[in-house]
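Below is one structure; the comments refer to it alone.
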Amino acid sequence: MNTVSGKDYSGLDGFRIIAAFLVVSIHTSIFTSFSQSADFWFTRILARTAVPFFIMVTGFFLLPKAAKEPRAVIPALKKLLLLYGGSILLYLPLNFYGHQFEGLTAFGFIQKLMFDGTFYHLWYFPAVIAGLLIVLLLQRFFSPKGCLIISFILYLAGLGGDSYYGLSEKLPILHQFYDGIFQFSSYTRNGIFLVPFFLCLGWVLHLRRPPKGKNALYWFLIFLMLMTLEGFLLHHGQLQRHDSMYLFLIPAMYCLFSWLLTRHWPKCACFRDISLLIYVIHPWMIVLVRTGAKITHLESVLIQQSLIHYLAAAFGSCILAVIIWKIQQYLKTKQQTPLL
């Protein structure tokens, strides 16, 4: 359980697990066997709350400390760098197996390392590192409100290169602007345009009293419906270059996070670590499930049935994450046990 000044944040801890499984659903296209529209809604709209949630949690707990003492962020940055470095090594076998580094220039490698991630889900770590550094810089000159406004402008700029790219590219000046951005980052869903705003939104929610629980939940559902309308209109209009950023994602996340702050769910200190482990290892589990299906000739069940494919990958990731966490706890206990 996260606690700050004795407060109960079990709602945030519990939703970490839900958010981790939402990320797995994106990468397995959970409902594609049943309905493309249902899958689009679940994975490209509802599940898009997962990553902003993780970012907001970081902003909620870390930025109030950083505003008082900037050095307070150093341990978090070190941990993110270690996690990113370890994750890069973990996925090197899949990189080489997929020939993903063949013909890669030095510039291309730096682009992957700093923006896109060396595997498809690892973009998150350099993005949060860059986003934290940007917000730390903003904190030196602006109030929380000022940081939120500036980061919102960055988010709007990112929106034009993401879900609204089909509109922005029609203006020559914006077309050139985004072409320049895409030279060094494949998406505007990165540490410059996406992350700073949700870090600041989490920070602001720490400073202000959130709406009451039921009201926040009702408003979240309303904004989720509006985000659904926004997403399908953009999708059917073929305007999206990517689908990570929506206008109505902002109020939806504000209300969802506010509601979670009022929840008192079963407390478990392991949720934070296990959700992170699920996020890191789930692509490996997807590969293992697909490989196992081919070896056992169960492709029609474990691969072609998208829901079963998701459940196998999610369940396997969860079990492996718990095992790794148990081993970590055992090793910590061994280190703390006196020899005499």
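The values are calculated or read from the model by the stated rules, or taken from the named source; none is laboratory data. Computed from a prediction, not measured in an experiment: that's the story for all the values here. Here the Cβ is made from the backbone with ideal geometry for all residues, glycine too, and neighbour counts use every protein chain on show.
Structure above, values below:
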read-out: Single residue of Leu12, Leu89, Leu80, Leu22 found to be among the aliphatic types (A, V, I, L, M), in the same structural domain as Phe232 (by TED's automatic domain parsing) and touching a residue at least 24 places away in the same chain (Cβ under 8 Å); value: Leu80
read-out: Filter result for Leu276 (in contact with a helix residue (DSSP H, G or I) (Cβ under 7 Å, 6 or more places away or on another chain), surrounded by fewer than 22 Cβ atoms within 10 Å (Cβ to Cβ) and either on the phi < 0 side of the Ramachandran plot or not hydroxyl-bearing (Ser, Thr, Tyr) (or both)); value: no
read-out: Leu194 being buried (at least 21 other Cβ atoms within 10 Å of the Cβ), of a type in the set (A, V, I, L, M) and closer than 28 Å to Ile129 by Cβ; value: yes
read-out: Qualifying residue in segment 201-208 (condition: under 16 Å from Gly59 (Cβ atoms) and in a loop (DSSP other than H, G, I, E, B)); value: yes
read-out: Residue in segment 158-167 that is over 20 Å from the mean Cα position of the chain (by Cα) and charged (D, E, K, R) present; value: no
read-out: Residues located in segment 215-246, provided they are under 23 Å from Arg16 (Cα atoms) and among the aliphatic types (A, V, I, L, M); value: Ala216, Leu217, Leu221, Ile222, Leu224, Met225, Met227, Met245
